[in-house]
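The structure under discussion appears below in the form of structure tokens.
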């Protein structure tokens, strides 16, 4: 196992100490390893290239006169999709 030194803000260090005091972890290293595992297990977000393509597509749609949808309508579409059987 490799030993690594990191710098934390006072707030980060205090939060880690609270986690240890609560009994969930035995050491600072254990807290950091758990946080890193959680971070690495998250699915990656879209790439910068994908975000730029999405923005370009949106701008092209707007230039072509595509209407904007009210947020309530967008939420309802998402709700309807989530209710549909797979």
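We did not get these values from a lab; they are worked out from the coordinates using the rules stated. Computed from a prediction, not measured in an experiment: that's the story for all the values here. All Cβ positions, even for glycine, are placed from backbone atoms using ideal geometry, and neighbour counts span all protein chains on display.
Round to the nearest 10 and give me the degree value, 0 to 90, for the angle of helix 71-83's Cα axis relative to the longest principal axis of the chain. Helix 71-83 sits roughly 80 degrees off the main axis of the chain. Here the extension length gained between residue 76 and residue 4 equals 21.1 nm, from 0.36 nm per residue of separation less the Cα-Cα distance. For the chain, the longest principal axis of the alpha carbon atoms and the long axis of helix 48-63 meet at an angle near 30°. The alpha carbons of the chain give a radius of gyration and a Dmax of 22.2, 59 Å, in that order. Taking the helices alone, the chain has a mean residue ellipticity at 222 nm of -20500 deg cm²/dmol, built from -39,500 (n - 2.57) per DSSP H run of at least 4 residues and averaged over all its residues. The simple Förster model, with R0 at 41 Å and r as the Cβ-Cβ distance, assigns residue 63 and residue 40 a FRET efficiency of 0.55.
In plain terms, the chain from residue 53 to residue 14 could stretch by 9.9 nm, reckoned as 0.36 nm per residue minus the Cα-Cα distance.
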